[in-house]
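Beneath this line is the structure, given in structure tokens, with notes to follow.
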Amino acid sequence: MDLLLHISTSLHDLLLTRRGFTGQTGIFPEQLSQISLMQQKESDVTPPDLEKLGKDDPMSASTTPRDELAFSKLCRGHRFLTPLEESRLKCRTDTRGTYPPPCPRRGAQPRPAHPRLQGCPLATPDRGGQGLGATHGEAPLEQAATAIGLNSGTISVRSSHTAWLRDDTHATVRSVSAKVAALTGLDVEDDAGGEALQVNLYGAAGHYIPHHDFVGAHYKAWEMQPPDGRTLALHPLGDRIATFMFYMNDVEEGGRTVFPRARVGVEPRKGSAVFWWNLLPTGMSDFRTLHGACPVIRGTKWVSNKWIKHHPQLHRRPCPVI
Ligand SMILES: O=C(O)CCC(=O)C(=O)O
Ligand SMILES: [Fe+2]
């Protein structure tokens, strides 16, 4: 176990500091052989301060050196925001007893600054028992995950396994969609307002480099420039207006979700979720939503994403707290 921990920790640093943010990562033999080399040169990889890396460009379409540094720091547990600022991003709701659940409460706290992120402890999918784990027989997590990049077509930038669960797969999946709909006021039904629930499993060193969840880049209201001229982003329901991401287990170590431009990292906690808008009210991309999953150091990490589509929400008013 000590050896595994040592390897995982070393891989974590190796992935973040040496290999950087350029491509597929996972547990590869060549990385294992580089671990001792990396340890010898630890002083070389000590990151400089953010301030020395020039001005921030929160609307940059690509990942900047500042983003990479903020990502690494947040992955290591560094805090940029004060406890008060962090608490303003959090809300709590209790879905026991009443249905649909009430809007989450944040007391008298003001709305958080853009990009609006929200952590909401919820009764969420579980990775075992009567929860989503029970459906794995029907939809095994056997597909290596891929992601769609703005400039690079279909690229592999994450190391995890993925399954897509439609609402008709299991009552738990339906109840997840119902909760997201009740909490956001948005239409999230499969193929009507949202995508099927995406369930991801990360193993040791599993991670997802900083990315945006929208598929196209919307620089002008209601217009879209599909990546590489492809038409994938021109989905009839539009792009992903918002993300509701559930943590399905506690991760022993590592695996934070980090938003380098919002300067905040979220510790995976079973029963909690993160919500954010990917598109601005104008329909344009909010590049400040750049985020990624830090490498899992110890244990496994289960998350599920409910992506909500843009066009069906045109006449819907979100829950006022969000
Ligand atoms: O696993 C995480 O923490 C983030 C996952 C994510 O960003 C995604 O699936 O798009
Ligand atoms: Fe994402």
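Descriptive notes on the structure:
- Flag if Trp277 is open to solvent by 20 Å² or more (accessible area, probe 1.4 Å), near ligand 1 (Cβ under 10 Å from one of its atoms) and of a type in the set (A, V, I, L, M, F, W, C): no
- Top-ranked residue of the stretch 257-274 - restricted to ones that are within 12 Å of ligand 1 (Cβ to nearest atom) and over 19 Å from Ala205 (Cα atoms), ranked as surrounded by the most Cβ atoms within 10 Å (Cβ to Cβ): Ala273
- Residue in the stretch 48-59 that is closer than 16 Å to Gly292 by Cα and either modelled with pLDDT of 70 or more or touching a Lys or Arg at 6+ places or on another chain (Cβ under 6 Å) (or both) present: yes
- Residue check for Trp302: more than 14 Å from ligand 2 (Cβ to nearest atom), open to solvent by 10 Å² or more (accessible area, probe 1.4 Å) and either at pLDDT 95 or above or under 23 Å from Leu197 (Cβ atoms) (or both): yes
- Residue count for the stretch 271-285, restricted to those that are touching a strand residue (DSSP E or B) at 6+ places or on another chain (Cβ under 6 Å) and outside any strand (DSSP E or B): 2
- If you go through the stretch 280-290 and keep only what is open to solvent by less than 10 Å² (accessible area, probe 1.4 Å) and within 16 Å of ligand 1 (Cβ to nearest atom), you end up with Ser285, Asp286, Phe287, Thr289, Leu290.
- Scan of the stretch 182-211 for residues that are among the hydrophobic types (A, V, I, L, M, F, W, C), in contact (Cβ under 8 Å) with a residue 40 or more places away in the chain and out of contact with any Cys (no Cβ under 7 Å at 6 or more places or on another chain), ordered by number: Ala182, Leu186, Val188, Ala192, Leu197, Val199, Leu201, Ala204, Ala205, Ile209
- Test result for Gly254, more than 13 Å from ligand 1 (Cβ to nearest atom), open to solvent by less than 20 Å² (accessible area, probe 1.4 Å), over 23 Å from Ala61 (Cβ atoms) and in contact (Cβ under 8 Å) with a residue 24 or more places away in the chain: no
- Verdict on Val173 being open to solvent by less than 10 Å² (accessible area, probe 1.4 Å), in a loop (DSSP other than H, G, I, E, B) and more than 16 Å from ligand 2 (Cβ to nearest atom): no
- Restricting attention to the stretch 193-223 and to residues that are aromatic (Phe, Trp, Tyr) and open to solvent by less than 20 Å² (accessible area, probe 1.4 Å), the residue that is modelled with the lowest pLDDT turns out to be Phe214.
- One residue from Ala147, Ala163 being open to solvent by less than 10 Å² (accessible area, probe 1.4 Å), modelled with pLDDT under 60 and under 21 Å from the mean Cα position of the chain (by Cα): Ala147
The values are calculated or read from the model by the stated rules, or taken from the named source; none is laboratory data. Nothing here was measured: the structure is a model prediction, and the numbers come from that model. FYI the Cβ positions are ideal-geometry reconstructions off the backbone, even for glycines, and counts take in every protein chain you see. Protein only, heavy atoms only, side chains kept; ligands, DNA and RNA dropped before computing areas. Shrake-Rupley method; radii C 1.70, N 1.55, O 1.52, S 1.80 Å.
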